[in-house]
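Engineer: Okay, here's the structure, questions in a sec.
The values are calculated or read from the model by the stated rules, or taken from the named source; none is laboratory data. Quick caveat: nothing in here was measured; it's all calculated off a predicted structure. Note that we place each Cβ from the backbone using ideal geometry, even for glycine, and neighbour counts take in every protein chain shown.
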Amino acid sequence: MLPEISKILSNPINVIVLGWLGIYLFFVFFVFFYKYFSLTSWIKKEKESLNALLMSGNISGVSSLKRCIDKSDNINSLTFDACIQAARTEAESGITFLGIVASTAPFIGLFGTVIGILTAFSSMQSVTTINMIAPAIADALVATAVGIIVAVPAYSFHQILSKKVEDLISILIMQKDFYLSK
């Protein structure tokens, strides 16, 4: 196993590609866990605030809408919409990175594969058998596999977090609608 890894890493392009994908993978998991737990906490607070609004008719101080409208002298639908848009922007921060990684990681891996295949073909002698060229092509395909391995969780995490943002926004819209209907 170790000789195969050292052979793959002997090409500087593979080192760059696999390093880049490794950094991507680290940040994909970091962004996901950070945003997942912060959005879950935020949604919980907004649900509590919505329940308080339904029970007492007042927006709770823990609500991001309450903090936002307190800064305004004129409370109307447009004020709430601006506050909701500000909350959406804050909630979506970092999620775009996951979409970028999901769409670019396979191409970065493919780049490594193309360079590896070019290297394999350029090292061919006048008489080459499949037994001589197949290992080099197999080594080149590792970069594409790693690119896909990075892209799948990035895409999945992007979808999970996008759904959480939509859940948060729907709770904020319910708060706005109830508050303005009184």
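Engineer: Can you tell me how many residues in the stretch 99-116 are over 17 Å from VAL15 (Cβ atoms) and not polar (S, T, N, Q)? If you could, list the steps in order and put the result at the bottom.
Structural biologist: Restricting attention to the stretch 99-116, the residues satisfying the condition of being over 17 Å from VAL15 (Cβ atoms) are 99-104, 106-107.
Those still in the list that are not polar (S, T, N, Q) too: 99-102, 106-107.
Adding up the residues that qualify gives 6.
Listed here are the residues, each with its yes/no results for (1) more than 30 Å from TYR36 (Cβ to Cβ); (2) among the small types (Gly, Ala, Ser); (3) buried (at least 18 other Cβ atoms within 10 Å of the Cβ).
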{"residue": "GLY109", "(1), (2), (3)": "no, yes, yes"}
{"residue": "THR113", "(1), (2), (3)": "yes, no, yes"}
{"residue": "GLY116", "(1), (2), (3)": "yes, yes, yes"}
{"residue": "ILE160", "(1), (2), (3)": "no, no, no"}
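Engineer: Among the candidates ALA136, ALA102, ALA151, ALA120, single out the residue that is surrounded by 14 or more Cβ atoms within 10 Å (Cβ to Cβ), in contact with a His (Cβ under 9 Å, 6 or more places away or on another chain), more than 30 Å from SER60 (Cα to Cα) and hydrophobic (A, V, I, L, M, F, W, C).
Structural biologist: On inspection, the qualifying residue turns out to be ALA102.
Engineer: Cβ-Cβ distance below 6 Å, separation of 6 or more or different chains: which pairs start in the stretch 68-97 with a residue that is within 25 Å of VAL31 (Cβ to Cβ) and end on one that is of a type in the set (Ser, Thr, Tyr)?
Structural biologist: ALA87/SER64
Engineer: Taking SER93 as the residue in question, decide whether it is within 15 Å of the chain's Cα centre (by Cα), over 16 Å from TRP20 (Cα atoms), modelled with pLDDT under 95 and not charged (D, E, K, R).
Structural biologist: yes
Listed here are the residues, each with its yes/no results for (1) at pLDDT 85 or above; (2) small (Gly, Ala, Ser); (3) over 23 Å from LEU141 (Cβ atoms).
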| site | (1), (2), (3) |
| --- | --- |
| SER10 | no, yes, no |
| PHE32 | yes, no, yes |
| LEU39 | yes, no, yes |
| ALA52 | yes, yes, yes |
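Engineer: A further question follows. Which count do you get for residues in the stretch 39-66 that are among the polar types (S, T, N, Q), part of a helix (DSSP H, G or I) and buried (at least 18 other Cβ atoms within 10 Å of the Cβ)?
Structural biologist: Number of matching residues: 2.
Engineer: Let me ask something additional. Collect the residues in the stretch 105-134 that are of a type outside the set (A, V, I, L, M) and either part of a loop (DSSP other than H, G, I, E, B) or touching a residue at least 60 places away in the same chain (Cβ under 8 Å) (or both), keeping them in residue-number order.
Structural biologist: GLY109, PHE111, GLY112, GLY116, THR119, SER123, GLN125, SER126, THR128, THR129
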